[in-house]
1. Suppose we filter GLY70, GLY50, GLY65, GLY56 for residues that are small (Gly, Ala, Ser) and assigned to a loop (DSSP other than H, G, I, E, B); which single one remains?
2. Confirm whether LEU36 is of a type in the set (A, V, I, L, M, F, W, C), closer than 20 Å to LEU127 by Cβ and at pLDDT below 90.
3. If I filter the range 85-114 down to residues being within 23 Å of ILE75 (Cα to Cα) and of a type in the set (A, V, I, L, M, F, W, C), which single residue comes out as farthest from the chain's Cα centre (by Cα)?
4. Please find, among ASP88, ASP122, the residue that is exposed (fewer than 13 other Cβ atoms within 10 Å of the Cβ) and charged (D, E, K, R).
5. Only one residue in ALA55, ALA59, ALA74, ALA99 is closer than 22 Å to LEU36 by Cα and either surrounded by 11 or more Cβ atoms within 10 Å (Cβ to Cβ) or free of Cβ contacts under 8 Å to residues at least 12 places away in the same chain (or both), so which one is that?
6. What are the residues in the range 77-96 that are aliphatic (A, V, I, L, M) and either closer than 13 Å to LEU36 by Cβ or in contact (Cβ under 8 Å) with a residue 60 or more places away in the chain (or both), if any?
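The values are calculated or read from the model by the stated rules, or taken from the named source; none is laboratory data. Predicted model, so just to flag it, every value in this text is computed and none were measured. Backbone-built Cβ (ideal geometry, glycine too); neighbour counts: all protein chains shown.
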Amino acid sequence: MLFLREHVQWNSLTEESRRRCGVKFRKRTGNAQMRLKDEQISRLAENILGNLTSAGLIAVKKERGAVLAGIKTAIADDIKAEEALEKDAEKLLDQTLAAMRGEAGIDRHRMLRMIKEKMAKDRKIVL
């Protein structure tokens, strides 16, 4: 989001203003993997920029295309970081289960979720 700080001016981001522009922050649940296509990322970036601009939360200081490119890059980077986190968590879980020699009574999905949450916190990734 550093890119956005250089290209837009943020106005107050109150709970009311977030509600008006449709920005929602909520905790994700589950372990579902969803890979966004480039066209979906583009539409998402357009919606984000449009909602923030129309709600008066930001004022675009540079070319709209440059701001959209920055938003798309931020989204793509976040997706890549989450994919790497998922892969690393799976690897650590496999190593842990191998070291435990398949001890009975272990819920693989629960353990994976716990590992991912811990790794995300360490890497400062919001899930």
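1. After ruling out the rest, the residue left standing is GLY56.
2. Against the criterion (of a type in the set (A, V, I, L, M, F, W, C), closer than 20 Å to LEU127 by Cβ and at pLDDT below 90), LEU36 qualifies.
3. That would be ALA89.
4. Answer to the selection: ASP122.
5. Exactly one residue qualifies, and that residue is ALA74.
6. Within the range 77-96, just ILE79 meets the criteria.
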